[in-house]
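Before any comments, here is the structure.
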Amino acid sequence: MALTLLNRNKKAIFERCCDDYATKMLLKYKPFYHAMDAQQGAHVRLNGRDIIMLASNDYLGLSFHPKVIEAGRAALLQWGTSTTGARPSNGSRACHVELEQKLAAFLGREACHVSVAGYISCMSSVAAFAQKGDVILADKNIHSSVLDGIRLSMAAVERFSHNNPEDLRHFVKTIPYTTPKLIVVEGVYSMEGHIARLPEIAEIAEESGSFLVLDDAHGFGVLGRQGRGTVDHFRVNDKVDIICGSLSKSLASTGGFVAGSRSLIDYLRFHSKQTIFSAAISPSQAACAAAALEVMQSEPQHLDRLWRNVRRYRDMLKGLGLDTWESDTPAIPIVLGSKELVYRFWQALLEKGVFTVMSIAPAVPPGKDLVRTAVSALHSDEDLDKVAEAMAYAVKKL
Ligand SMILES: Cc1ncc(COP(=O)(O)O)c(C=O)c1O
C-alpha cells in the first residue's frame, strides 16, 4: 500500500515534467541551448554557418586575448585541472589568493572572496548577511541569483519599483530604524542595460542605516576608471558595503567574487553555505580572470573600443525605430512586447547570421518581451555593418 502511494507520487512528478507546456514549446521552437561547432572571437560556427555572436557578455573581448589564454594554460599545467574540493576542506591555491588580492585592490576594498560562479557569489552576498527578523529591500528587476539569496536568508522582503529611489524611500520609512535592513540593487541591470541610480540609493541606505549590497556583474569592466564598475563611476565607494559580481563577463573567465571589508569577507567565509560547501574555482579560471584584470589596466583600448561600438550600435537601432528600453550600457535589449514578435525577430536575425537571445515574460515584466543583445569590443566595423543589415531585415519581418 505504502509502496503504491510512493510510486504514484513519483509518477506525478515524472508526468508533470513530461507534460510541462513551457518545456514542450521551447523544444519545439528551439531558441536556447544551441551547440556551436567552433568559436573565434565574436564569431561562432553553427550548423556549418559563420554567425556573429551578439548574445555573450564578453564586453571587453578578452576571452581570446593571448595573455589571458596563456595564463590559463600555465595554471592548468602548474595546478592541474581542478582542486577537487571546497577551500575550507582542502585549501586555497596561491592563484585564488592572488586573484582575490588583485580584485580587492582594484575595487578599493580590504578583501575579496572568489567562488566557482557569479550566481553563488551574488546569492551568498545576500544569504550570508541577512537573517530572519531583518528586512531586505530589493529592486523589482533584480537577478535570479539575488532572489535565491533572499529566499535562503529567511528575512522579510519588500520589492521596490525598478531603479526608483523614491519608492525605496517610501518602503524604508515604513520599517522601524532599529530593524536591520539590507538594500540590494544591480549596478547595471543585465536585461535592461540601465545604470542604477546609485548615489540616491546609497544616500537612502546611509540615512536609514541600511546595509547596501551591489551586484555589479554587468557594471564591472564597463563603467568607472579602467572598468572599476558602477561604484567607481559614481565615486560612492565608501557607501556600498558589499560589491559582488561575475568573472564570466568582462573578466572572460568563469566564477564570481564578493568584495568588502576584511571583517565582512571573513564572516562570509565562515557563514555562507554556498561558500563552505562548494568546490573552489578551478586554478586555470582564476588565472584567466587575474590576467584579464591586468589587461584591463594595461590596455585601455578595449574599453575605448567597447564604448565606440556601443554608441554606433545603439544609434543604428534607434535609427531603425527600435525600442532599446533606454539602455545606457553595452547590454542592449530590443523590446518588442510579445513572445510572437520576439520569436520572429530573433529567427530573422539568425537567418541573417546574427545570434541573439530571446527573453520573454516571466523572465521580463509583462509587455517587455525582448531580444537581448550585448556589444563587445571584439565586434569589428564590418561585424556591425552586417548586424545593421540583419536588423533592418528583421524589422521588415515584424
Ligand atoms: C546580474 C547578474 N548577477 C549574477 C549573475 C551570475 O553570474 P554567473 O553567470 O557568473 O554565474 C549574472 C549572470 O548572468 C547576472 O547577470
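Read-outs throughout are calculated quantities, based only on the coordinates presented, and are distinct from any laboratory measurement. Note that the structure is a prediction, hence the values are computed from the model and not measured. Ideal geometry is used to build each Cβ from the backbone, glycine not excepted, and the neighbour counts take in all protein chains shown.
Could you compute the FRET efficiency for ARG225 and SER380, with r as their C-beta to C-beta distance and R0 at 25 Å, rounded to 0.05?
My answer for the efficiency is 0.40.
Where both residues lie in segment 64-298, what percent of DSSP beta bridges are antiparallel, nearest 5?
Around 40 percent of the beta bridges assigned by DSSP in segment 64-298 are antiparallel ones.
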- request: Evaluate E = 1/(1 + (r/R0)^6) for SER261 and ALA105, where r is the Cβ-Cβ distance and R0 equals 22 Å; express this FRET efficiency to the nearest 0.05.
  value: 0.95
- prompt: Looking at ILE201, ALA252, VAL231, which one has the Cα that reaches farthest to the positive end of the dipole of segment 124-269 (charges on Cβ: Lys, Arg +1; Asp, Glu -1)?
  reply: ALA252
- request: Excluding residues fewer than 8 places away in the same chain, name every one of the aspartates and glutamates whose C-alpha is closer than 20 Å to that of LYS339.
  value: ASP20, GLU192, ASP323, GLU351, ASP369
query: Residue separation times 0.36 nm, minus the C-alpha to C-alpha distance between ALA361 and LEU6: what's the value?
result: 124.3 nm
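Counting other Cβ atoms within 10 Å, which GluC sites (Glu not before Pro) in segment 182-264 have at most 14 and lie in a DSSP loop? Before the final figure, lay out the partial values.
Details: sites: GLU186, GLU192, GLU200, GLU203, GLU206, GLU207; in loops: GLU192.
Listed in order of number, the matching sites amount to none.
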message: Could you check the spin-label model distance between GLN297 and ILE69? Points 7 Å from the Cα along Cα→Cβ, value in nm.
response: 2.5
query: Which value in nm describes the separation of the simple spin-label points at PHE14 and GLU203, placed 7 Å from the Cα toward the beta carbon?
result: 6.1
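Under a Cβ-only charge scheme (Lys and Arg +1, Asp and Glu -1), can you give me the dipole magnitude of segment 64-298 about the Cα centre, in debye to the nearest 20? Display every interim value, and only then the final one.
Details: 22 positive and 23 negative charges, 108 e Å.
So the dipole magnitude of segment 64-298 works out to roughly 520 debye.
Quickly estimate the mean residue ellipticity at 222 nm for the chain, helices only: each DSSP H run with n ≥ 4 gives -39500 (n - 2.57), and the total goes over all residues, rounded to 500.
Numbers: 16 runs with 183 residues, N = 398.
Computed mean residue ellipticity for the chain: -14000 deg cm²/dmol.
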statement: With DSSP loop assignment and no more than 14 other C-beta atoms within 10 Å, the GluC sites (Glu not before Pro) in segment 294-398 are GLU326
- request: Scan segment 78-127 for GluC sites (Glu not before Pro) in coil per DSSP, keeping those whose Cβ has at most 16 other Cβ atoms within 10 Å, and list them by number.
  value: GLU110
- prompt: What is the distance, in nm, between label points placed 7 Å from the Cα along the Cα-to-Cβ direction at MET316 and at PHE277?
  reply: 4.8
